[in-house]
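The values are calculated or read from the model by the stated rules, or taken from the named source; none is laboratory data. This is a predicted model, so every value here is computed, not measured. Note that we place each Cβ from the backbone using ideal geometry, even for glycine, and neighbour counts take in every protein chain shown.
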Amino acid sequence: MHPRTLFSYDKDNVIREGDTVLIYEKHDLAKQVVITPGAYYSAQKGVVKHEDIIQSGERYGTKIYTSNKRSCVTILRPTSDMYTRNLAQRTQILYTPDISQVLMRLELRPGVLVCESGTGSGSLSTSIVKAVMPTGHLYTFEFNETRVGRAKTDFKTLGFDPYVTVTHRDVLNEGFLLETTEENAGGVAEGKIDAVFLDLPRPHVAVAHAFQVLRKKGKLCNFSPCIEQVQKVSQEMARLGFYNIVTIECLSREIQTRRHMYTSLSKDTRPAESQKPEVKEEKEATKGEGIAQGRRNKKKEKDAKKVSKLVSMPQTEARGHTGYLTFAAKF
């Protein structure tokens, strides 16, 4: 039986007290909340009471009207992508384009053992655990003690406790090795780990530590925002004997489809039968009417020439450079 987590589905699909849900208002406005009796969600045009959701036995995917009936929201179950977009960011995080490359190129699947440094906000950690559970394990390291505590709380809320070990440590100086204890699961030994991910200020220093714990043909990935870091990491990888060293940059642009109104240059864009006779009559009557009436008629003529067309175009504002991903395999 697959273990239950925040992302698990129930047969009845009913929203219950304590569930973490995504309240979706529109494509650029969604918020992650925990369903709690007595609490409420303030939408743009009204309020949604958590108590109403629980008592009415609403299901995921249901549209719920606000208390004043002026708008509605949709209650959704979080996915990895939605969770990342609505994550409380304690540090800079990786987004879906970069995460998908990491999961694919490191060949993460159930049963794989992964080391990660640093944990940060847990954006990538969440996707890694989802990929390797229930038989794999993530060992994630973070040098900031406050972020370690918050990450442990988040993973417990998600139901990931059995599949992730969070350790407070400076990997640059102390490496990845972990003794086998009840808290550390099977621990981290030399040549035991299938994949390592680095997101550190001086990643070239940690490449040797990654080489130590990786098994033969194990995969290494480094994320760095600066090309100078990439150069140092690549040189260190080559020196230690890594092969298939590749660096990529992921840039994605959302394509928007919308109806665009524009004024045609032709005299009349409408079919002859659709022309309204009253427009012509008003046009002839403008001579005897006042200036105000004449302006109104001109506006009608201008509006009559406007054409609606469905167009697709790249989003004008898009997320640009986040960082470079360097991949390699241990010889």
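A few comments on the model shown:
- Test for Val196: is it assigned by TED's automatic domain parsing to the domain that holds Met104 and touching a His at 6+ places or on another chain (Cβ under 6 Å): no
- Contact annotation: residue pairs with Cβ atoms under 8 Å, 6 or more positions apart or on different chains, pairing a residue in the range 206-223 that is closer than 15 Å to Phe331 by Cα with a partner that is charged (D, E, K, R) and part of a helix (DSSP H, G or I), are Val207/Glu236; Ala208/Glu236; Lys219/Arg105; Cys221/Arg105.
- In the condition set (1) within 30 Å of Glu25 (Cβ to Cβ); (2) in contact (Cβ under 8 Å) with a residue 40 or more places away in the chain, Glu116 is compliant with all but (1).
- Some residue of the range 241-252 being more than 16 Å from Lys330 (Cβ to Cβ), acidic (Asp, Glu) and either at pLDDT 95 or above or not in a helix (DSSP H, G or I) (or both): yes
- Residue within the range 184-203 that is part of a helix (DSSP H, G or I) and touching a residue at least 24 places away in the same chain (Cβ under 8 Å) present: yes
- Within the range 101-117, the set of residues being over 16 Å from Ser80 (Cα atoms), at pLDDT 95 or above and not in a loop (DSSP other than H, G, I, E, B) comprises Arg105, Leu113, Val114, Cys115, Glu116.
- Out of Gly38, Gly120, Gly61, sole residue that is within 20 Å of the chain's Cα centre (by Cα), among the small types (Gly, Ala, Ser), not assigned by TED's automatic domain parsing to the domain that holds Val213 and not in a helix (DSSP H, G or I): Gly61
- Output for the range 64-76, where each listed residue is β-branched (Val, Ile, Thr), within 26 Å of the chain's Cα centre (by Cα) and not in a strand (DSSP E or B): none
- Taken over the range 41-54, the criterion of being outside any loop (DSSP other than H, G, I, E, B), in contact with a strand residue (DSSP E or B) (Cβ under 9 Å, 6 or more places away or on another chain) and of a type outside the set (D, E, K, R) is satisfied by Tyr41, Ser42, Ala43, Gly46, Val47, Val48, His50, Ile53.
- For the range 315-325, the count of residues that are in the same structural domain as Ser100 (by TED's automatic domain parsing), touching a Cys at 6+ places or on another chain (Cβ under 7 Å) and modelled with pLDDT of 70 or more is at least one.
- Any pair with Cβ under 9 angstrom, 6 or more apart, that starts in the range 145-171 at a residue that is touching a residue at least 60 places away in the same chain (Cβ under 8 Å) and farther than 16 Å from Val114 by Cα and ends at one that is assigned to a helix (DSSP H, G or I) and hydrophobic (A, V, I, L, M, F, W, C): Leu158/Val129
- Filtering the range 123-164 to residues that are polar (S, T, N, Q) and in a helix (DSSP H, G or I) leaves Ser123, Ser125, Thr126, Ser127, Thr146, Thr153, Thr157.
- Hey, Met82 more than 22 Å from Tyr324 (Cβ to Cβ), under 14 Å from the mean Cα position of the chain (by Cα) and of a type in the set (A, V, I, L, M, F, W, C) or not: yes
- Scanning the range 158-170 for residues that are under 16 Å from His209 (Cβ atoms) and either of a type in the set (D, E, K, R) or more than 27 Å from the chain's Cα centre (by Cα) (or both) gives Arg169, Asp170.
- Matching residues, the range 43-58, being more than 23 Å from the chain's Cα centre (by Cα) and at negative phi: Lys45, Val47, Val48, Lys49, His50, Glu51, Asp52, Ile53, Ile54, Gln55, Ser56, Glu58
- If you filter the range 1-31 down to residues that are among the hydroxyl-bearing types (Ser, Thr, Tyr) and assigned to a strand (DSSP E or B), you find that the one that is modelled with the highest pLDDT is Tyr24.
- Selected residue (criterion: surrounded by the fewest Cβ atoms within 10 Å (Cβ to Cβ)) from residues of the range 20-61 that are closer than 21 Å to Thr84 by Cα and among the β-branched types (Val, Ile, Thr): Val34
- Of note, Val48 satisfies the criterion of being among the aliphatic types (A, V, I, L, M), in contact (Cβ under 8 Å) with a residue 12 or more places away in the chain and farther than 27 Å from Ala131 by Cβ.
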